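Enquirer: Below is a structure I'd like to ask you about.
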Amino acid sequence: MNARDIILAPVITEKSVMALSEKKYTFRVADGANKIEIAKAVEEIFGVQVAKVNTISMKGKHRRMGRHEGYTSDWKKAVVTLTEASKTIEFFDGMF
C-alpha cells in the first residue's frame, strides 16, 4: 500500500485544532491500515518523527434527505503524536 493511499485527508475540527499545541495531528485513514503502516506513512509524507498512533473506528451517522433516510459510511480516524524533537507539520501551522 502506498503512503498516500493510507493517509486520506486531515480532520479539521475544533477538538483536533486544540490538540495541535500538544503535537497531536488527526487524519482520516484507510480502513485496512494498522498503526505501524500509519506511522510510516506520516513519516514518509511529512518528514517527521512519530511517537505513537491512536486509531478510532468511526460509525456512520444517520442522515435524512426529505423522506429518504440512510447512514453515512463508516471510516477510520488516526491521532498521530509526534516526538518532542520532531518538527511540526507545515500544513497545520496556519490553523491556530
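Rule-based calculations on the coordinates, nothing more; no lab input. This structure is a prediction, so every number in the text was calculated from the model and none was measured. Cβ atoms come from the backbone with ideal geometry, glycine included; neighbour counts cover every protein chain shown.
Enquirer: Express in nm, to one decimal, how much length is gained between Lys77 and Met1 on full extension, taking 0.36 nm for each residue of separation and deducting their alpha carbon distance. It would help to have the intermediate numbers written out before the result.
Expert: Values: separation 76, 0.36 × 76 = 27.36 nm, distance 1.75 nm.
Here the segment from Lys77 to Met1 would lengthen by 25.6 nm.
Enquirer: Compute the label zone of Asp31 within region 4-19: residues whose backbone N is under 20 Å from the point 7 Å along Cα-to-Cβ.
Expert: Of the residues in region 4-19, 4-11 have backbone N under 20 Å from the label point off Asp31.
Enquirer: So which trypsin sites (Lys or Arg not before Pro) in region 3-96 are both in a DSSP loop and have at most 16 other Cβ atoms within 10 Å of their Cβ?
Expert: On the way: sites: Arg4, Lys15, Lys23, Lys24, Arg28, Lys35, Lys40, Lys52, Lys59, Lys61, Arg63, Arg64, Arg67, Lys76, Lys77, Lys87; in loops: Lys23, Lys59, Lys61, Arg67, Lys87.
Here the trypsin sites (Lys or Arg not before Pro) that fit, given the DSSP loop and packing criteria, are Lys59, Lys61, Arg67, Lys87.
Enquirer: Let me ask something else. What is the dipole size for the chain, taken about its Cα centre, with +1 at each Lys and Arg Cβ and -1 at each Asp and Glu Cβ, in debye to the nearest 20? List each step's numbers first, then the result.
Expert: Working: 16 positive and 12 negative charges, 101 e Å.
Using Cβ point charges on Lys, Arg, Asp and Glu, the chain gives about 480 debye.
Enquirer: For the chain, what is the calculated [θ] at 222 nm in deg cm²/dmol (nearest 500), taking -39500 (n - 2.57) for each run of four or more DSSP H residues and dividing by its residue count?
Expert: Helix contribution divided over all residues of the chain: -5500 deg cm²/dmol.
Enquirer: Now for a separate question. For Leu8, enumerate residues with amide H under 5 Å from its amide H, sequence gap 5+ or separate chain, H modeled in the peptide plane.
Expert: It is Arg28, Val29, Ala30, by chain and number.
Enquirer: Report, in cubic angstrom per residue, the convex hull volume of the C-alpha atoms of the chain.
Expert: Taking only Cα atoms, the chain has a hull volume of 111 Å³ per residue.
Enquirer: When only Cα pairs under 8 Å and 6 or more residues apart are kept, what is the percent relative contact order across region 1-57?
Expert: Relative CO of region 1-57 lands at 38 percent.
Enquirer: How far, in degrees from 0 to 90, does helix 35-46 lean away from the longest principal axis of the Cα atoms of the chain, to the nearest 10?
Expert: 70 degrees
Enquirer: What's the local net charge at Gly70, with K and R +1, D and E -1, over the other residues with C-beta under 14 Å away?
Expert: My count for the surroundings of Gly70 gives +3.
Enquirer: Can you tell me which lysines have their Cα less than 24 Å from the Cα of Lys87? Leave out same-chain residues fewer than eight positions away.
Expert: Lys15, Lys23, Lys24, Lys35, Lys40, Lys52, Lys77
Enquirer: Please list, by residue number, everything in region 64-96 whose backbone N is under 20 Å from a paramagnetic label point 7 Å out along Cα→Cβ of Met18.
Expert: 77-82, 92-96
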